[in-house]
Amino acid sequence: MGLEKKSALLEDLIQKCGGCAVVDGGFATQLEIHGAAINDSLWSAVSLIKDPELIKRVHMEYLEAGADIVVTSSYQATIPGFLSRGLSMEESESLLQKSVKLAVEARDRFWDKVSKTSGHSYNRALVAASIGSYGAFLADGSEYSGNYGENVGLDKLKDFHRRRLQVLVEAGPDLLAFETIPNKLEAQACVELLEEENVEIPAWICFTSVDGEKAPSGESFEECLEPLNKSNNIYAVGINCAPPQFIESLISKFSKASLTKKAIVVYPNSGEVWDGKDKKWLPSQCFGDAEFEMFATKWRDVGAKLIGGCCRTTPSTIKAISRDLKRR
């Protein structure tokens, strides 16, 4: 199935959802709720080693909550990260493949169950393979600053992402999700890599923002979106892991300011601030489930086609978003 047909699957899903599909929520958050110890350089990906069945359980919980797209547990799963833990190349690649396999198995099991039930409101979900930024691998908070240093150029970023991308594509996800990209350089690296590898799976690229106006690097979103707008591989662009208070204005900036004609995807965090150096959440103004439910239609109405949650959101958050959007 080529790129156009796979993109059509996503377009059909969005249409079935009434113009806006629901992405799942915070994966690491839900793992921790279940008692997983993920204060680790691999973060949520450590559960691929320690407790893969828990990963499948979390996927099921988001599907039950109404997610139309489930994102794999591979955000911080990288070959260099696994190798640094003493795993072999073969074992590292197998874990990346497992992240997709677990999500697909959960999706298929859930759909097999609900499709036999009359009157259900679910859609057959799509699986998006998560590809975290280079900063996520560094685990030093640089995905929120965009400061990778002078020695990190375009070729180094492509080399970093290349084999992981190849393995995830071979595992057969429906979509690719490049997440918390902090600068134009890495966005361009992702776009060029998709072209070089002849990838025929539609992708989205999400930036984050710490001020609600520009990328963490200080670059304007007009600059950052330039290479994405020219790419046939990129189906959607947007924002993840930024405070929800920024989202409405950023959607308007992207769509109404004509910065892009791509679909808009947003999945903010709860509003809490992550201290990447001290590895802890800092108190701040937060959205609860009620606020997410109230704002989801506003985000849709100003142009979002895909809406979900990131850090510190849970299945109850996604249930609230789904309920709001399906109320129409």
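In the context of the full set of protein chains, the chain has a per residue accessible area of 41 Å² (1.4 Å probe). Considering only V23, V71, V191, the mean-square fluctuation computed in a Gaussian network model of the chain, springs between alpha carbons under 10 angstrom, is largest for V191.
Carbon and sulfur atoms: what percent of the 1.4 Å accessible area of the stretch 54-149 do they account for?
Numbers: 1740 of 3660 Å².
Carbon and sulfur: 48 percent of the exposed surface of the stretch 54-149.
A straight chain from N198 to R162 at 0.36 nm per residue would run longer than the Cα-Cα distance by 11.8 nm. Counting only protein heavy atoms and using a 1.4 Å probe, the accessible area of T314 comes to about 30 Å². Within straight-line reach of K298, meaning a Cα separation under 13 Å, sit the following aspartates and glutamates at least 8 residues removed in sequence or on another chain: E248, D324.
Quick one: with all protein chains in place, what share of the accessible area of the stretch 166-248 is carbon or sulfur, to the nearest percent (1.4 Å probe)? Intermediate results must be reported in sequence, preceding the final value.
On the way: 1030 of 2580 Å².
Percent of accessible area from carbon and sulfur atoms in the stretch 166-248: 40.
Of all aspartates and glutamates in the structure, those lying under 18 Å Cα to Cα from K101, and not within fewer than 8 positions of it along the same chain, are D24, D51, E53, E61, D68, E90, E91, E93, D112, E170, D174.
Based on alpha-carbon centroids, what's the gap between the stretch 183-231 and the stretch 291-309 in Å, whole number please? Here the two parts' Cα centres lie 22 Å apart. In a Gaussian network model over the chain where Cα atoms closer than 10 Å are linked, find which of E64, E195, E90 has the largest mean-square fluctuation. Of the options given, E90 has the highest mean-square fluctuation. Solvent-accessible area of K98, all protein chains in place: 70 Å² (probe radius 1.4 Å, heavy atoms, ligands and nucleic acids excluded). Taking 7 Å steps out from each Cα toward its Cβ at N232 and K50 produces label points 4.5 nm apart. The count of lysine pairs in the stretch 163-297 that are at least 8 places apart or cross chains, and whose C-alpha atoms lie under 30 Å apart, stands at 23.
For the peptides 124-131, 99-106, 30-37, residues were scored by their other Cβ atoms within 10 Å and the scores averaged per peptide; the highest-first order is 124-131, 99-106, 30-37.
Given the options T72, T29, T117, which has the most mean-square fluctuation in a GNM of the chain, springs set between C-alpha atoms less than 10 angstrom apart? Judging by the Gaussian network model, the answer is T117. Packing here is the average count of other Cβ atoms within 10 Å per residue, and on that basis the peptides 217-224, 161-168, 149-156, highest first, run 161-168, 217-224, 149-156.
The values are calculated or read from the model by the stated rules, or taken from the named source; none is laboratory data. For clarity, every value in this text was computed on a predicted model and none was experimentally measured. In this analysis, Cβ positions are derived from the backbone assuming ideal geometry, glycine residues included, and neighbour counts consider all displayed protein chains. Ligands, DNA and RNA are excluded from the accessible area calculation, which covers all protein heavy atoms including side chains. Shrake-Rupley method; radii C 1.70, N 1.55, O 1.52, S 1.80 Å.
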